[in-house]
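In what follows, a structure is listed as structure tokens, so that the remarks can point back to it.
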């Protein structure tokens, strides 16, 4: 029933247009919270933590499965759960302050307006999702040559003889939706999958089409795109099931490469690769980063994950070492991590305002935007306008 309610909410939001699609969810979730129409479950989670196996504790407020992303990166396996209670969000800060010392980290999932209204500045406001976009200002093949990982991916594209095909508007839409998009989304995201409705995507595709990746004229994957002014928006990715991991890697590279190529040839100035998790170490985030993407705030991400540590102990440092987080920093996006041995170059991405290191004294600035970060020339030239 809860999953059905979430699907209804997402469907209603998808039917809105223009500013209403941003304003109605933003203020609607806030009003829902203030009226106390839905209590927030609060739990204590305990168990061995990544990577050391040392026992740690999280104080978590929010609904599953949406709040589970960071706990899944914190623990080894399934933690023990102790239900504290269901609390109105406006009463939540007092309860969390009282229980603060019982946990290494506190994590709260709240809509953005409630997060700004009820919670103090001792929380990091981490967007649930951020946008990642690529400015088409350089040589695509130069980008491929400049990055060893992309070169290896493209070797797989050539090995499997993967080729593109573009269909316009609604041609073969149902085939893509039923055989690729829906099963791929469920396999990839499980309980956290938010599957866009058929009619919603059909509205977008009227201003776009589908770019397919094929082998021997057999479609293996596709991406549904929309033309929006000078931006080539990638809205939905699908893939046939049963592909081997290395082949999947080649297929994904082919989708990215041919999408960029098609956008450039069609005269677009930007490709919007859409949402990624707000973690420097998330797999999809890093994959998009290596293709030259920059960070942008996501206007359609209605929730924040609020993070607070009780003290910077070894468990907290370990967590931020393998899960650096992007957070709101005075109207901009900054990031924080906990591993002194990681180079700035390996963590920095265009669109960040500042990169912080978490120390025993709190967060310490490492680098600001505008300060040169040494990168090879082809990659820097391709990303020159991504700021």
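The values are calculated or read from the model by the stated rules, or taken from the named source; none is laboratory data. Fair warning: this is a prediction, and the values are worked out from it, not measured in the lab. Reconstructed Cβ throughout: ideal geometry from the backbone, glycine too, with neighbour counts over all protein chains shown.
With the requirement that a residue be farther than 16 Å from residue 211 by Cα and assigned to a helix (DSSP H, G or I), what does region 153-177 give you?
153, 154, 155, 156, 158, 159
If I filter region 32-66 down to residues being out of contact with any helix residue (DSSP H, G or I) (no Cβ under 7 Å at 6 or more places or on another chain) and modelled with pLDDT of 95 or more, which single residue comes out as nearest to residue 191 (Cα to Cα)?
The extreme case among them is 62.
For region 339-363, how many residues are closer than 19 Å to residue 107 by Cα, touching a strand residue (DSSP E or B) at 6+ places or on another chain (Cβ under 8 Å) and surrounded by fewer than 22 Cβ atoms within 10 Å (Cβ to Cβ)?
Step one: filter region 339-363 for residues closer than 19 Å to residue 107 by Cα, giving 358, 362-363.
From what's left, touching a strand residue (DSSP E or B) at 6+ places or on another chain (Cβ under 8 Å): 358, 363.
Now narrow it down to the ones that are surrounded by fewer than 22 Cβ atoms within 10 Å (Cβ to Cβ): 363.
The number of residues fulfilling the criteria is 1.
Regarding region 291-306, can at least one residue be identified that is buried (at least 16 other Cβ atoms within 10 Å of the Cβ), assigned to a helix (DSSP H, G or I) and in contact with a strand residue (DSSP E or B) (Cβ under 7 Å, 6 or more places away or on another chain)?
no
Being under 20 Å from residue 289 (Cα atoms) and not in a strand (DSSP E or B) is the filter here; which residues of region 307-340 pass it? First the steps, then the outcome.
Within region 307-340, the first condition is being under 20 Å from residue 289 (Cα atoms), and the residues that meet it are 320-328, 332-339.
Across region 307-340, the qualifying residues are 320, 321, 322, 323, 324, 338, 339.
Residue 262 is checked against (1) modelled with pLDDT of 95 or more; (2) out of contact with any helix residue (DSSP H, G or I) (no Cβ under 6 Å at 6 or more places or on another chain); (3) more than 24 Å from residue 158 (Cα to Cα) and fails just one. What number does that condition carry?
The single condition residue 262 does not satisfy is (3).
For region 343-361, state whether one or more residues are under 12 Å from the mean Cα position of the chain (by Cα), closer than 30 Å to residue 54 by Cα and in contact (Cβ under 8 Å) with a residue 40 or more places away in the chain. Steps first, please.
Residues of region 343-361 that are under 12 Å from the mean Cα position of the chain (by Cα), as a first pass: none.
The answer is no, given that none of the residues of region 343-361 is under 12 Å from the mean Cα position of the chain (by Cα), closer than 30 Å to residue 54 by Cα and in contact (Cβ under 8 Å) with a residue 40 or more places away in the chain.
Suppose we keep only residues that are surrounded by 18 or more Cβ atoms within 10 Å (Cβ to Cβ) and out of contact with any helix residue (DSSP H, G or I) (no Cβ under 8 Å at 6 or more places or on another chain) within region 67-83. Which one would you say is farthest from residue 319 (Cα to Cα)?
Across region 67-83, the extreme among qualifying residues is 67.
Could you check residue 275 against (1) under 15 Å from residue 357 (Cα atoms); (2) at pLDDT below 95; (3) part of a strand (DSSP E or B) and say which number it fails?
(1)
Please verify whether residue 241 is more than 26 Å from residue 142 (Cα to Cα) and at pLDDT 95 or above, treating the condition exactly as stated. It would help to see each step written out before you state the result.
Numbers: more than 26 Å from residue 142 (Cα to Cα): yes; at pLDDT 95 or above: no.
Judged against the criteria, residue 241 is not a match.
Is there a residue being at pLDDT below 95 and in contact with a helix residue (DSSP H, G or I) (Cβ under 7 Å, 6 or more places away or on another chain) anywhere in region 202-219?
Yes, region 202-219 contains a residue that is at pLDDT below 95 and in contact with a helix residue (DSSP H, G or I) (Cβ under 7 Å, 6 or more places away or on another chain).
Looking at region 308-319, which of its residues are closer than 20 Å to residue 115 by Cβ and either buried (at least 21 other Cβ atoms within 10 Å of the Cβ) or touching a helix residue (DSSP H, G or I) at 6+ places or on another chain (Cβ under 6 Å) (or both)? Before you say what the answer is, go through the steps one by one.
The initial filter retains those residues of region 308-319 that are closer than 20 Å to residue 115 by Cβ, namely 308-310.
Correct list: 309, 310.
Against the definition (assigned to a strand (DSSP E or B), out of contact with any strand residue (DSSP E or B) (no Cβ under 6 Å at 6 or more places or on another chain) and not assigned by TED's automatic domain parsing to the domain that holds residue 342), how does residue 253 come out, yes or no? So that I can check it myself, show each step before the final result.
On the way: assigned to a strand (DSSP E or B): no; out of contact with any strand residue (DSSP E or B) (no Cβ under 6 Å at 6 or more places or on another chain): yes; not assigned by TED's automatic domain parsing to the domain that holds residue 342: yes.
Taking the combined requirement at face value, the residue does not satisfy it.
Suppose we filter 183, 219 for residues that are part of a strand (DSSP E or B) and either in contact (Cβ under 8 Å) with a residue 12 or more places away in the chain or in the same structural domain as residue 64 (by TED's automatic domain parsing) (or both); which single one remains?
219
Residue under question is residue 86, and the condition is that it be free of Cβ contacts under 8 Å to residues at least 12 places away in the same chain and either within 25 Å of residue 278 (Cβ to Cβ) or in a strand (DSSP E or B) (or both); does it hold? Explain how you work it out, then say what you get.
Values: free of Cβ contacts under 8 Å to residues at least 12 places away in the same chain: no; either within 25 Å of residue 278 (Cβ to Cβ) or in a strand (DSSP E or B) (or both): yes.
It is false that residue 86 is free of Cβ contacts under 8 Å to residues at least 12 places away in the same chain and either within 25 Å of residue 278 (Cβ to Cβ) or in a strand (DSSP E or B) (or both).
Can you tell me which residue in region 253-275 is farthest from residue 229 (Cα to Cα), limited to those that are surrounded by fewer than 19 Cβ atoms within 10 Å (Cβ to Cβ) and free of Cβ contacts under 8 Å to residues at least 40 places away in the same chain?
Per the stated criteria, the residue is 265.
Within region 112-152, work out how many residues are within 30 Å of residue 230 (Cβ to Cβ), in a helix (DSSP H, G or I) and either modelled with pLDDT under 95 or not assigned by TED's automatic domain parsing to the domain that holds residue 261 (or both).
Residues in region 112-152 being within 30 Å of residue 230 (Cβ to Cβ), in a helix (DSSP H, G or I) and either modelled with pLDDT under 95 or not assigned by TED's automatic domain parsing to the domain that holds residue 261 (or both): 8 in total.
Filter region 278-290 for residues that are touching a strand residue (DSSP E or B) at 6+ places or on another chain (Cβ under 6 Å), within 20 Å of residue 237 (Cα to Cα) and not in a helix (DSSP H, G or I) and give the result.
278
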